[in-house]
Amino acid sequence: MTALSIFDLLLERVTAGERLTADDIAQLAATPDILSIGMLADALRRQMHGTAVTYVRVASCSYDRSFADAVSPVAREVRVTGSPSTLADALSAVRSAKEVAGERSVSGFSWLDVLRLAAGEGSTAARVLAELRTAGLEALAEIPLDAVEDEAAVVEELHRAGFERLRLTIASAHASAHTARMLRAAALQDRLGGIQAIGPLPMVLDPMRPTTGYDDAKAVAIARLAAPNVATIQVDWQRYGPKLAQVALTFGADDLDNVTASDEAPDGRRRAPLEEVRRNIEAAGFSAAERDGRFNLISR
Amino acid sequence: MIDELASKVLDGSRVTADEALALYRRAPTHLLGRLADAIRARRHPDRIVTYIIDRNVNYTNVCVARCNFCAFYRPVGSSDGYVLGFEEIFRKIDETIAVGGGQLLLQGGHNPDLPIAWYEDLFRAVKARYPEFKLHALSPPEVLHISRMNRVAVPEVIARLVAAGLDSIPGGGAEILVDRVRKLLNCYGKATADQWLDVMREAHRAGLRSTATMMYGTVETDEERIEHLIRLRDLQDETGGFTAFITWSFQPDHTERGGVEATGVDYLRTLALARIVLDNFENLQASWVTQGGKVGQLSLAFGANDMGSVMIEENVVRAAGASYCMDEVEIVTNIEDAGFIPKRRNMHYEVLGDPIFRERDVPRMLALATARAEGDTSVPDELRQYLARSRAGKQLRLAQ
Ligand code: SF4
């Protein structure tokens, strides 16, 4: 019963708007009591967002394919996928994405792609970012906290190049380092600002050693609790699937990223993705709101 | 109101149908989970989470019941219809034993061309070859079907099957034990709610243990879901014969009924509610086959204490779109990762030991087997010895 009362104290502090310390977070991360962690994260997310859950419909297209065919009119963000080998390819992909996107935002690439392209050109990350930005890129799809050496320098570089509403991500799972990374993200936000979202679940899935449901739920909840100064905790709808993504909403996530923008899918299960997203949000007791790629709500 | 109910549950008192409904509708998901977890912890303070290595074999897909939520069955005379031969079943048993399993979960369609003698002969043949091997077979509607086709009363069907080697009965075919729902699902004819419960009562009286199940997410109301649980709880008070409860969501793909599947959070809430209402059930299984490994594992925080079967074969929910697969290594990883201690068990929930793959080399199985290879339309030889009832069945025998 003592364990319960520790959580009750933490819950009181969270609902009083107090930020938990690094020690609190580390202690929470060490317990297998997933429900208590979830309860705390949920209390915090409700303070920040009430019952609102946002989602964004994204048209993804590989850099070497035709954007005109891939981008549905209902998409709110166009995302360039894949890693082009030259800056020229990257720029032409962004340009054609922007042409199709019109007013809608274009995202794509990882910070690592930026470094690679810079190295290939004998140029600097700053130059590459500036050129991508001019071509129409508004956001990097991935800024992987577990794969950059000096994340503060990266954030500063992105700010200088005019990138706003940054989205920090995780490339591959390494559960034990997760808490420290989330605390670093929060510290970064305190110092530099401009971070809109954290995507705490790994982008690369290892089929031989997939993360477990506990791993994922805990990763989401710890992200929420460790970084109360970052507005959005998001889960990739297509990567993680409806069941886990929905459960994540009850563990502190408030945004579903990367909902398919096409209403035609080959497989009957994924029929009418929009309806399925909204149904899942509502069945978890939340209210669904669509947003655009710049995190603005779209009134319906 | 919810707080009062919560402390009532934590005190260990029984909830009424109305209280269960209030909890299900109004309690936050984490609170439901906590209550269910507290009950789980009380019943299983050792933090052991069990699983069984067995094989889910569907001996025939020919079925006259035509439940509209089922994507598995084929009508009598269909060219896709099959009956497994005894040799095929032996082969499946050999494969099961090779990965450390000791039981078949044997269920099938309501095939009019399999008389009771076929079942008796099969069970005897299995027991003659594998005396230690267990048969967890024939859900209540199948028992009823055999009773009707052969004009033998249910208690006698059970007695004869037990004499032939039946060890226990799976709780399938319960769906929702409310006749309004059963009529809408076209499964009232195969067994009414009372009939399903009566077969279980007879089986328990005969000394068999069984599981109980619930398939939710079709047309039932919340009240009817709870009525189902209460009916199971009542019978358990009476007989004590249920070992465990398993619930899963209706899998709509390729079914006549169609529609959408209930969500993951619905599953966790339903599971937690079941743990709260079924206060006289020792064990609750997680349905990772329908929910996937992740929500399957999270079930352990919402009242489940058993990961069910290390699935070697699955045909029924696979036909309806679910195709999650986990072998023993993965099940054990999931249990340990959630902070529990994995133990192998038998159908009676007796602990058999630690994971088998830690004791000896077993092949990893990363894909589920099926009842039959695609396109295999062979007809087993021994079928000829059994009288067919349907016209199609008779023609098949003649053609053999
Ligand atoms: S659920 Fe069972 S009884 Fe109903 S149609 Fe399918 S195989 Fe037949």
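So, in region A:27-53, exactly how many residues are open to solvent by less than 50 Å² (accessible area, probe 1.4 Å) and either hydrophobic (A, V, I, L, M, F, W, C) or touching a strand residue (DSSP E or B) at 6+ places or on another chain (Cβ under 7 Å) (or both)? Looking only at that region, the number is 12. Selection within region A:31-51: residues that are out of contact with any Lys or Arg (no Cβ under 6 Å at 6 or more places or on another chain) and among the charged types (D, E, K, R). The member of this set that is farthest from the other protein chains (Cβ to nearest Cβ) is A:ARG46. Among the conditions (1) assigned to a helix (DSSP H, G or I); (2) of a type in the set (Lys, Arg); (3) within 14 Å of chain A (Cβ to nearest Cβ), the only one that B:ARG257 does not satisfy is (1). Of all the residues in region B:191-203, those that are within 14 Å of the ligand (Cβ to nearest atom) and either out of contact with any Gly (no Cβ under 7 Å at 6 or more places or on another chain) or within 14 Å of another protein chain (Cβ to nearest Cβ) (or both) number 3.
Criterion applied to B:VAL126, B:VAL49 was being crowded, with 22+ Cβ neighbours inside 10 Å and in contact with a helix residue (DSSP H, G or I) (Cβ under 6 Å, 6 or more places away or on another chain), and the one residue passing it is B:VAL49. Taking every residue in region B:93-110 that is within 16 Å of the ligand (Cβ to nearest atom) and pairing it with any residue that is open to solvent by 30 Å² or more (accessible area, probe 1.4 Å), at least 6 positions away or on another chain, the pairs with Cβ-Cβ distances below 7 Å are B:GLY109/B:TYR73; B:HIS110/B:VAL64. On the stretch given as region A:6-31, residues that are part of a loop (DSSP other than H, G, I, E, B) and in contact (Cβ under 8 Å) with a residue 40 or more places away in the chain total 2. Of all residues assigned to region A:205-226, none qualifies as being away from chain B (no Cβ under 14 Å) and open to solvent by 30 Å² or more (accessible area, probe 1.4 Å). Name every residue in region B:276-291 that is within 13 Å of another protein chain (Cβ to nearest Cβ) and either free of Cβ contacts under 8 Å to residues at least 24 places away in the same chain or more than 12 Å from B:SER249 (Cα to Cα) (or both), in order of residue number. Result: B:ALA286, single match. If you go through region B:225-254 and pick out every residue that is open to solvent by 20 Å² or more (accessible area, probe 1.4 Å) and in contact (Cβ under 8 Å) with a residue 24 or more places away in the chain, you end up with 12.
Here A:ALA265 meets the list (1) surrounded by fewer than 16 Cβ atoms within 10 Å (Cβ to Cβ); (2) at pLDDT 80 or above; (3) under 30 Å from A:GLY136 (Cβ atoms) almost entirely, failing just condition (2).
Number of residues in region B:157-183 that are within 16 Å of the ligand (Cβ to nearest atom) and among the β-branched types (Val, Ile, Thr) equals 3.
B:PHE72 satisfies every condition listed in (1) within 16 Å of the ligand (Cβ to nearest atom); (2) open to solvent by 40 Å² or more (accessible area, probe 1.4 Å) except (2).
Taking B:ARG43, is it of a type outside the set (Phe, Trp, Tyr) and either farther than 18 Å from B:ALA371 by Cβ or open to solvent by less than 20 Å² (accessible area, probe 1.4 Å) (or both)? Yes. Of all residues in region B:118-146, those that are under 16 Å from B:ASN58 (Cβ atoms) and among the polar types (S, T, N, Q) have Cβ atoms under 9 Å from Cβ atoms of residues that are within 13 Å of the ligand (Cβ to nearest atom) and open to solvent by 20 Å² or more (accessible area, probe 1.4 Å), 6 or more apart or on another chain, in B:SER139/B:GLN107.
Looking only at region B:5-29, residues that are open to solvent by 10 Å² or more (accessible area, probe 1.4 Å) and either touching a Gly at 6+ places or on another chain (Cβ under 6 Å) or among the β-branched types (Val, Ile, Thr) (or both) come to 2 in all.
Applying the criterion of at least 3 residues that are surrounded by fewer than 24 Cβ atoms within 10 Å (Cβ to Cβ) and of a type outside the set (A, V, I, L, M, F, W, C) to the strands (runs of 3 or more DSSP E) found wholly in region B:287-358 leaves B:341-345. Just one residue in the set A:THR86, A:THR81, A:THR124 is in contact with a Ser or Thr (Cβ under 6 Å, 6 or more places away or on another chain) and surrounded by fewer than 20 Cβ atoms within 10 Å (Cβ to Cβ); that residue is A:THR81.
The values are calculated or read from the model by the stated rules, or taken from the named source; none is laboratory data. Values in this document were obtained by computation on a predicted structure and should not be read as measured data. Neighbour counts run over all protein chains shown; Cβ positions are idealised from the backbone, glycine included. Heads up: the accessible areas ignore ligands, DNA and RNA and are worked out on the full protein's heavy atoms, side chains in. Shrake-Rupley method; radii C 1.70, N 1.55, O 1.52, S 1.80 Å.
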